[in-house]
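Heads up, the thing below is written out as structure tokens.
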Amino acid sequence: MFKKIGIFLQMIKFEHTVFALPFAFMGALLGSVVMNDSLPSWSQIGWIVIAMFGARSAAMGLNRLIDRISDAKNPRTAGRAIPAGLLKIGEVVIFIGISFFLLFWAAFKLNPLSAKLLPIAVFLLVIYSFTKRFTWACHLILGLTIALAPLGGWVAVTGSVNWTSMVFYFTIVFWTAGFDVIYSCQDVEFDLKEGLKSIPVRFGVQGALVIARVFHILTAIGFVSLLFLTDLSWWYVAGMILAYIILFYEHYIVSPSDLSRLQTAFFTMNGVLSIVVFSFTLIDLVVHFKK
């Protein structure tokens, strides 16, 4: 049983939760402070974690299920659970169903707006896995999907959406799209062969890396904007400076002629960035309340 659980966690890349979960907590913190001048309750945090786990598990399960044929053809992904025969299709379908149940359960426990926004969330969670088949803008669709984490955290504690929450949402949209473009550079030849679409396929690796930089410049502008839209102060600024250094280094170590450190640029740098930004935001807000 434990081995099977490990295979499921490997299938959904559980370690990649570090990308979105800190920003979900950050969305909850900012929303609660900006709108309610308080910190989120432990109950709200708990339901946010359940919703995040359900949403991400459902999305990754669907992605692996939908991509199982192309994954089997790609040497980089042939060892994934479904093409490798480690999980049966029926098992994955049941896993997806349970994951969606957790998402719906948590959303209805949080507030009415969280429940009302479920159709949009489910649509994006499902449609993303098909987008590489018809548009090179698939990276932006992934961004719109993953950025539901901070927006969902905000809605979970406020029951509302405003300008600040949308600035935060699109900041994470462009951050996600940027690192996904970088990640996709390793599959250009396979995607071309299979007729799949992506920014690296459409604009070449060099053009794709330029576009990724533009996306991350927009991310940097978004983080700066939050400083002026909220009560965040110097601790947040310190975290933001570190985040900019991380983004710069992420692009510095990857070039069209050398993608050898792509995994570091994709996973390590972005995982660290999300934790850094959340941690410094948390410190900033705790200091704010101690005053």
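Here Leu65 does not qualify as touching a helix residue (DSSP H, G or I) at 6+ places or on another chain (Cβ under 6 Å), open to solvent by 60 Å² or more (accessible area, probe 1.4 Å) and either touching a residue at least 40 places away in the same chain (Cβ under 8 Å) or of a type in the set (A, V, I, L, M, F, W, C) (or both). For the stretch 79-104, filtered to residues that are open to solvent by less than 30 Å² (accessible area, probe 1.4 Å) and not in a loop (DSSP other than H, G, I, E, B), the residue that is nearest to Val126 (Cα to Cα) is Ile96.
In this structure, Val167 does not qualify as within 16 Å of Leu226 (Cβ to Cβ) and not in a helix (DSSP H, G or I). Taken over the stretch 105-117, the criterion of being assigned to a helix (DSSP H, G or I) and crowded, with 17+ Cβ neighbours inside 10 Å is satisfied by Ala106, Ala107, Leu110, Ser114.
So that you can scan it fast, the table gives a plain yes or no per residue for (1) under 19 Å from Phe215 (Cα atoms); (2) out of contact with any Asp or Glu (no Cβ under 9 Å at 6 or more places or on another chain); (3) of a type outside the set (Phe, Trp, Tyr):
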| position | (1), (2), (3) |
| --- | --- |
| Lys116 | no, yes, yes |
| Leu124 | no, yes, yes |
| Ser129 | no, no, yes |
| Ala137 | yes, yes, yes |
| Ile141 | yes, yes, yes |
| Ala147 | yes, yes, yes |
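Checking each residue in the stretch 33-62 for being more than 19 Å from Lys13 (Cα to Cα), crowded, with 16+ Cβ neighbours inside 10 Å and either without any contact (Cβ under 8 Å) to a residue 40 or more places away in the chain or not aliphatic (A, V, I, L, M) (or both) picks out Pro40, Gln44, Ile45, Trp47. In the condition set (1) β-branched (Val, Ile, Thr); (2) in contact with a helix residue (DSSP H, G or I) (Cβ under 8 Å, 6 or more places away or on another chain); (3) farther than 23 Å from Tyr169 by Cβ, Val224 is compliant with all but (3).
Scanning the stretch 185-212 for residues that are open to solvent by less than 10 Å² (accessible area, probe 1.4 Å), part of a helix (DSSP H, G or I) and within 12 Å of Lys132 (Cβ to Cβ) yields Asp191, Ile199, Pro200. For the stretch 118-160, filtered to residues that are open to solvent by 10 Å² or more (accessible area, probe 1.4 Å) and not in a helix (DSSP H, G or I), the residue that is nearest to Ala51 (Cα to Cα) is Gly159.
With respect to the conditions (1) part of a helix (DSSP H, G or I); (2) in contact (Cβ under 8 Å) with a residue 12 or more places away in the chain, Leu232 lacks only one, and its number is (1).
Inside the stretch 37-71, can you point out the residues that are within 27 Å of Val157 (Cβ to Cβ) and of a type in the set (Ser, Thr, Tyr)? Result: Ser38, Ser41, Ser43, Ser57. In the stretch 172-184, which residues are surrounded by 24 or more Cβ atoms within 10 Å (Cβ to Cβ) and of a type outside the set (Ser, Thr, Tyr)? Correct list: Ile172, Val173, Trp175, Ala177, Gly178, Phe179, Val181, Ile182.
Restricting attention to the stretch 247-276, the residues being assigned to a helix (DSSP H, G or I) and open to solvent by 20 Å² or more (accessible area, probe 1.4 Å) number 12.
The values are calculated or read from the model by the stated rules, or taken from the named source; none is laboratory data. Keep in mind the model is a prediction, meaning the values are calculated, not measured. Quick reminder, even Gly has a Cβ in these numbers, built from the backbone with ideal geometry, and neighbours come from all protein chains shown. These area figures cover heavy atoms from the full protein model, side chains too; ligands, DNA and RNA do not enter into them. Shrake-Rupley method; radii C 1.70, N 1.55, O 1.52, S 1.80 Å.
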